1. Ratio to report: Rg/Rh of the range B:328-408, with Cα atoms as the point set and Rh obtained by the Kirkwood method; give two decimals.
2. If R₀ is 51 angstrom, what is the calculated FRET efficiency for the pair A:A212 and B:E378, using the beta carbon separation as r and rounding to 0.05?
3. Students often forget the sequence filter, so: which lysines lie under 30 Å Cα-Cα from A:K142 once same-chain residues fewer than 8 apart are removed?
4. In vacuo Debye scattering of the range B:227-316, one point per C-alpha: log10 I(q)/I(0) at q = 0.12, 0.16, 0.21 Å⁻¹?
5. What number results when the radius of gyration of the range A:1-66, computed over Cα atoms, is divided by 2.2 N^0.38 Å?
6. Hey, what do the phi angles of the range B:90-100 turn into as Karplus ³J(HN,Hα) couplings, whole Hz, using 6.51/-1.76/1.60 and θ = phi - 60°, x for Gly and Pro?
7. Inter-copy label distances at A:L96, 7 Å along the Cα→beta-carbon direction, one decimal in nm, shortest first?
8. Please list the radius of gyration and Dmax for the range A:41-81, considering alpha-carbon atoms only, with Å as the unit.
2 protein chains.
Amino acid sequence: MNAIIISIGEELTTGQTVNTNSAYLARRLAERGIRTLEHCTVSDERAPVAAAIARAAESAEIVLVSGGLGPTEDDLTRHALADVLGTELLLDPKRLAHLEEWFRARGRAMADSNRVQAMVPRGAEAIDNRMGTAPGLAAVVKSAKVFIMPGVPSEMKVMYDEQIAPLLGEGAGAIAFKIVHTYGAGESDLGARIADLMRRGANPLVGTTVAAGLVSVRIEAHDRVPARAREMAAEMAAEVRRRLGELVVGEDEETLASVVGALLRKAGATLATAESCTGGMIGEMITGVSGSSEYYLGGVIAYDNRVKQELLGVGEAMLREHGAVSEPVAAAMAEGCRKRFASDWAIGVTGVAGPTGGTADKPVGLVYVALAGKGGTEVIRSQFPGTRDVIRVRASLMGLNMLRRKLL
Amino acid sequence: MNAIIISIGEELTTGQTVNTNSAYLARRLAERGIRTLEHCTVSDERAPVAAAIARAAESAEIVLVSGGLGPTEDDLTRHALADVLGTELLLDPKRLAHLEEWFRARGRAMADSNRVQAMVPRGAEAIDNRMGTAPGLAAVVKSAKVFIMPGVPSEMKVMYDEQIAPLLGEGAGAIAFKIVHTYGAGESDLGARIADLMRRGANPLVGTTVAAGLVSVRIEAHDRVPARAREMAAEMAAEVRRRLGELVVGEDEETLASVVGALLRKAGATLATAESCTGGMIGEMITGVSGSSEYYLGGVIAYDNRVKQELLGVGEAMLREHGAVSEPVAAAMAEGCRKRFASDWAIGVTGVAGPTGGTADKPVGLVYVALAGKGGTEVIRSQFPGTRDVIRVRASLMGLNMLRRKLL
């Protein structure tokens, strides 16, 4: 079974509001085994809305529409549905009474403009909205079931979950998702190692995406039986993990920080951080995990060189000779931090985050990340591409990943 | 001039990822007076992508596509463009050399699969991507200009802004946007102070949105003349600022951290931070601003109590008597930090970020934020609602805002 999701609103087409409704609906549909072919967003004008509904009804069995059911002049979705059905809007006395009751219960007078919300195209049915004044609408167009919901996310979600989902039935099967997160190889290297699993149209379907420095392998398994779909997804995730080995940092909701935290806890070891260009980002990532006080002692944000000297014991001569962005300084920061905090492990980071401050010798994106432990200190030099923010995220993940590999 | 925005990716159609690219592009187009008729999202399959491009080229003069330019087998957008053009993919030797150089500069070997990224449909042109390996593509389909960009938001934005926008020209009428960010009042309080400016259908149109601890006032002005639209939006922003006074923290791309940074620079003053529950987030926000080394010296992430004592000089007796989450400890952290870093200002934060660790006395969300300066130390006690992440963001913004108000 296939669906198309239509979102309506000038605030969406102009980009003032990011559309979160359609992702919500697509996930919900997928859980029922219904595949979303397309998301379509149009402004709240009568003709484009009607055209979008008519076109969707030709390619999909289910059409979910949200937005344009309000009481004002720019809410024209019900008119557009009437156009698609070739009928007119009729006042539904039961709906009107319901609407008047809604306002009465809240001690408010109903504005005349709200009457339009009791209008239903002939051939369509109204759907109760217990979160607001706009009832939804249901109709059959060609052979597609069309459902129209309010655009306000809290109203849309309740209406979909309580009233529309039960009418959809189950798709030919269920879709289960797994995500395997990796760090340390590019998308192409990774793809080469699982190319045979990434065939088009395969089940489970395997694909890769890049976000915030991690390359993630997405797995989507289809089966008539939901439990079997989940099992297939889990089996494929296990196969992907086998293929990718130590590149794999976690699954689904796991992050590098949560995985490193679990490994530190298991080892009974502690961590401290010394950050220059990342400015606290590594600490922020680590402490984003609840319970991190068990293994994270704290850190120094050593932005100024004097702080590197006074709090981390980096030598003035070393800073003068090699510069703040250098391998020896990264190592000295990590070692000084480990000593200062008496921690088992310490991460030190120094680099040029840009966009200004780069030189021919030390260009923007040059970062040294050091990991100090009982057995010594390792430093990795990287040249990261991207914006200031991307460079900082990549440097932070590099530090966490170096520790992860040591703890494995 | 009209545009259609097409986003490509199975992770988008299944709702695993919320689409932010298309809102970004629509805002940018609107600024040039180009109206977005429709946003369309399809999965990364050759035929639907080709159909979406062909259909869009029939209704709009500009078609912006993002996604599906990666090096793996599920990246088929360039093949789809070739289908639309009725041509085949050709290897562009210049592109290949460029790609090989990209990897060489980063000390990595290029995987064979990356070769596909040097393939360009006959009749199309490649667009440089200085943020990654996937070049964009430009072609004319019917009479529409079609531009294809990578799906990774950081790469897409730079390519659009630097290379595609200059090719688009200006539309007939313009939409100008302004956003005024506020801190310290709820959305309804704020709305009451500008209710008369928020009429539906007004021009400029004024609305409010809440995100990440800030309440923002959105302004959208329409006029045939771009300069006039911008002027109308700026006038309304000035009026909103007059009404909201010190609640206003900045406009558009400004953040609390960038505004505080500008004020510190203007005052020639320095800042250091002492963070417990925020774990480095304040430092991370401040150093997210390029040039922050001019006024930010660094900080201590004092997660463990011993760190509060040893690096910030918080007394053991004080910690025992009042507990780490207390007004005197927050003040002592800020004061100890100011002394340690010899900074003009220091922010100290201690609190219970949760979800565990709360008690009847000190529930989750209780945060003390201190600001120490030459004139003394101020501490604010807050009880923040929300998740661990929301509490940490709110605590960080509270610290920055206390400093902003002192510097005004």
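The values are calculated or read from the model by the stated rules, or taken from the named source; none is laboratory data. Fair warning: this is a prediction, and the values are worked out from it, not measured in the lab. Every residue, glycine among them, receives a Cβ derived from its backbone with ideal geometry; neighbour counts consider all protein chains shown. The protein model used for the area step is the full one, side chains on, heavy atoms only, and it has no ligands, DNA or RNA in it. Shrake-Rupley method; radii C 1.70, N 1.55, O 1.52, S 1.80 Å.
1. Here Rg/Rh amounts to 1.00.
2. Efficiency for this residue pair is about 0.90.
3. In chain and number order, the partners are A:K94, A:K157.
4. For the range B:227-316 at q = 0.12, 0.16, 0.21 Å⁻¹, log10 I(q)/I(0) is -0.54, -0.79, -1.01.
5. Taking the Cα Rg and dividing by 2.2 N^0.38 Å, one obtains 1.08.
6. Working through the residues one at a time gives 10, 6, 9, x, 5, 5, 5, 4, 4, 5, 4 Hz.
7. Result for A:L96, in nm, nearest copy first: 7.4.
8. Spelled out, the Cα radius of gyration and Dmax of the range A:41-81 are 10.1, 31 Å.
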